[in-house]
Amino acid sequence: MEKINPFAYWYYHLYLLQLEEYDVKRFIRTVISSYVPRKTLRKQLIWTQKMILIATATCTLIAMLSFLFSPFFLLLFYLSFIPISFVTVVLRPFDNYMKQSIIRRAKLKLALFPHLEIVGIAGSYGKTTMKEAVSAILSQKYTVLKTPENINTPLGIARLILDRLDNSTQVLVVEMGEYTRGDIRDICTIVEPQTAIITGINEAHLERMGNIENTTAAIFELAQHMNQKGLLVLNEDNALIRENYKTFITSQKVELVSRQKECNLQSGLLGRYAKEILLAGAAVGRYLGLTEEQIQKGALSVHPLPHRLQPIEGTQGCSSLTTVIMAIQKG
């Protein structure tokens with residue numbers, strides 16, 4: 001049904017635009033390679049204010065064009081990626097203005113909280129699990145506000161500050177995403193972390209970065225733009241971190257964590273990666289004044305995120321593990 005329904009094409013092309021984060025060039029390439037709507041989608045289209053505006057403007061444009069090409073009215077929906085691209089480009093200056101306005105307001109609000117501790121987390125992988133672990137440990141002493149789910153862009157972080165930061169917040173834990181060089185730097189202009197963690201570096205987003213050197217430099221922007229008197233926690237087991245970090249650090253305190261080091265913490269996490277996550281969380285906890293008892297209690301409250309090495313109880317006491325294996329299947 002999706003293959004013949006003209007409105008399914010309009011909806012699907014809007015979905016692809018959002019999936020490509022409103023990058024028109026990437027959107028068009030994706031449409032060319034995946035033009036026909038799929039029966040099941042990896043994610044759901046989120047009707048944000050921006051998406052509602054683009055969808056409404058696109059329908060309006062199609063309605064106007066229908067007066068010129070009335071016999072081909074439905075055909076315009078099959079080719080909806082063209083008006084969608086046009087509308088997105090036309091609205092870009094307005095969109096950029098609104099984004100910068102929100103970010104400016106967030107900076108002004110953040111300036112009213114000079115004693116707020118900010119923890120920044122960057123890396124090619126493991127950011128969300130690290131964020132949850134660090135937040136769980138720090139919450140044993142502090143009131144913690146963390147970026148929700150996979151919100152890790154300047155706009156998403158700015159909205160979090162405007163919507164949820166208040167006088168009760170003592171620690172802000174920020175996950176920082178990167179697609180190109182400058183992304184993490186831009187986030188640090190909003191929130192300058194006193195404490196930072198780099199989880200690891202690999203080939204993720206290499207199609208946008210161009211090469212692994214750009215990826216490494218992009219992620220180490222966190223080290224360059226954090227508070228230079230703060231603490232930087234690094235994953236020593238990652239070769240790209242181990243071999244490059246001295247190029248990017250200045251005067252901040254550096255702590256290397258490794259699975260080779262002793263760890264007496266227990267948690268609900270599964271797999272070898274759990275050890276370095278707990279060690280990083282403990283390092284941040286000690287730096288911010290937590291006792292060993294508080295760190296241990298916080299670690300015990302850390303559990304896997306859904307679909308990430310998550311144990312699932314089956315029938316008759318059996319259990320199984322779920323994890324994302326798409327990369328393995330593609331390989």
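Please specify each residue of the range 227-283 satisfying the condition of being among the charged types (D, E, K, R) and under 30 Å from Pro114 (Cβ atoms).
Going residue by residue through the range 227-283, those that are among the charged types (D, E, K, R) are 229, 236-237, 242-243, 246, 253, 255, 259, 261-262, 272, 275-276.
Scanning the range 227-283 gives Lys229, Lys253, Glu255.
Looking at the range 230-249, I want the residues that are open to solvent by 40 Å² or more (accessible area, probe 1.4 Å) and have a partner that is in a loop (DSSP other than H, G, I, E, B) with Cβ atoms under 6 Å, at least 6 apart or on another chain. Which pairs are those?
Glu236/Ser258; Asp237/Ser258; Asp237/Arg259; Leu240/Ile201; Arg242/Glu236
Only residues in the range 137-157 that are touching a residue at least 60 places away in the same chain (Cβ under 8 Å) count as the first member; pair them with residues that are among the β-branched types (Val, Ile, Thr) and open to solvent by less than 60 Å² (accessible area, probe 1.4 Å), Cβ under 6 angstrom, at least 6 apart or cross-chain, and list the lot.
Partner pairs satisfying both residue conditions: Ile137/Ile295; Leu138/Val144; Leu138/Val171; Tyr142/Val171.
Considering the range 145-179 alone, what residues qualify as being within 30 Å of Asn211 (Cα to Cα) and either hydrophobic (A, V, I, L, M, F, W, C) or part of a strand (DSSP E or B) (or both)?
Answer for the range 145-179, where residues must be within 30 Å of Asn211 (Cα to Cα) and either hydrophobic (A, V, I, L, M, F, W, C) or part of a strand (DSSP E or B) (or both): Ile151, Leu155, Ile157, Ala158, Val173, Val174, Glu175, Met176.
I'd like the full set of residues that are buried (at least 21 other Cβ atoms within 10 Å of the Cβ) and outside any loop (DSSP other than H, G, I, E, B), limited to the range 119-128.
The answer is Val119, Gly120, Ile121, Ala122, Lys127.
Looking at Leu269, Leu278 in this structure, which one is modelled with pLDDT under 95, under 21 Å from the mean Cα position of the chain (by Cα) and assigned to a loop (DSSP other than H, G, I, E, B)?
Leu269
Return the only residue of Leu75, Leu17 being in a helix (DSSP H, G or I), open to solvent by 50 Å² or more (accessible area, probe 1.4 Å), touching a Phe, Trp or Tyr at 6+ places or on another chain (Cβ under 9 Å) and touching a residue at least 40 places away in the same chain (Cβ under 8 Å).
Leu75
Is the range 160-168 home to any residue that is polar (S, T, N, Q) and over 21 Å from Phe248 (Cα atoms)?
Checking the range 160-168: at least one residue is polar (S, T, N, Q) and over 21 Å from Phe248 (Cα atoms).
Just give me the residues in the range 206-229 being over 14 Å from Ala122 (Cα atoms) and open to solvent by 30 Å² or more (accessible area, probe 1.4 Å), in sequence order.
Of everything in the range 206-229, those that are over 14 Å from Ala122 (Cα atoms) and open to solvent by 30 Å² or more (accessible area, probe 1.4 Å) turn out to be Leu206, Glu207, Arg208, Gly210, Asn211, Ile212, Glu213, Asn214, Asn227, Gln228, Lys229.
Any residue in the range 51-69 that is part of a helix (DSSP H, G or I) sitting within a Cβ distance under 8 Å of a residue that is modelled with pLDDT of 95 or more and among the polar types (S, T, N, Q)? List the pairs, counting only those 6 or more apart or interchain.
Correct list of pairs: Ile54/Thr88.
The values are calculated or read from the model by the stated rules, or taken from the named source; none is laboratory data. The structure presented is a predicted model; accordingly, all values stated were derived computationally and were not measured. All Cβ positions, even for glycine, are placed from backbone atoms using ideal geometry, and neighbour counts span all protein chains on display. The protein model used for the area step is the full one, side chains on, heavy atoms only, and it has no ligands, DNA or RNA in it. Shrake-Rupley method; radii C 1.70, N 1.55, O 1.52, S 1.80 Å.
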